[in-house]
Amino acid sequence: MGMFGKTMNVEQEMKKVESEAISSIIDKSMTIKGEISFKGKARIDGTVNGNIDGEHLILSESGRINGDINVASFNCYGMIEGNIKANMLTARKSCSINGKLEAGSLTVEPGAALKGEIQVAVQELKATEKKTAPLLAGSDTK
């Protein structure tokens with residue numbers, strides 16, 4: 001019952017985030033070099049070469065990030081070369097992540113490519129304990 005309740009809370013939180021208006025957009029014709037910090041909900045359709053710190057982030061299929069990400073929620077459809085820290089992370093089927101993932105809640109759709117270390121915090125455990133599972137997906141076996 002405890003896990004069911006937590007799952008419902010995560011789903012409810014994701015629906016709330018998805019219904020919020022997007023406050024910032026980086027168009028797919030744009031390339032940004034440098035650090036980005038934002039509040040609210042941002043969508044990246046272009047390329048960011050630098051670290052990102054914010055609240056709710058969407059990386060579209062055309063989006064690419066070369067840097068570290070630290071956000072409350074992250075809905076990823078695009079490509080990332082860097083480490084990610086997020087309370088809630090959804091890796092969509094078109095997404096490709098190469099780096100360390102740390103998340104309170106992680107959802108991975110079939111087809112998503114994840115390469116690196118993954119840590120998902122388990123709420124029932126003490127705050128310092130985490131489950132760690134190294135994952136190499138999409139690596140060449142030639």
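For the reader, a short list of remarks on this structure follows.
- Filtered residue count, segment 30-47, keeping only those that are assigned to a strand (DSSP E or B) and either among the basic types (Lys, Arg) or more than 18 Å from residue 86 (Cα to Cα) (or both): 6
- Of the residues making up segment 107-138, those that are under 17 Å from residue 82 (Cα atoms) and either modelled with pLDDT of 95 or more or not in a strand (DSSP E or B) (or both) number 6.
- Filtering segment 59-74 to residues that are under 10 Å from the mean Cα position of the chain (by Cα), without any contact (Cβ under 8 Å) to a residue 60 or more places away in the chain and buried (at least 23 other Cβ atoms within 10 Å of the Cβ) leaves 59, 69, 74.
- Members of segment 82-106 found to be of a type in the set (Ser, Thr, Tyr) and modelled with pLDDT of 95 or more, listed by number: 90, 94, 96
- Unmet requirement for residue 36, which otherwise passes all of (1) surrounded by 15 or more Cβ atoms within 10 Å (Cβ to Cβ); (2) modelled with pLDDT under 90; (3) more than 23 Å from residue 112 (Cβ to Cβ): (2)
- Here residue 62 meets the list (1) assigned to a strand (DSSP E or B); (2) closer than 19 Å to residue 111 by Cα; (3) of a type in the set (Ser, Thr, Tyr) almost entirely, failing just condition (1).
- Residue 41, sole failed condition from (1) surrounded by 19 or more Cβ atoms within 10 Å (Cβ to Cβ); (2) farther than 19 Å from residue 119 by Cβ; (3) at pLDDT 95 or above: (3)
The values are calculated or read from the model by the stated rules, or taken from the named source; none is laboratory data. Small disclaimer: the values here were computed from a predicted structure and weren't measured. Cβ coordinates were reconstructed from backbone atoms using ideal geometry, including for glycine residues, and neighbour counts include every protein chain displayed.
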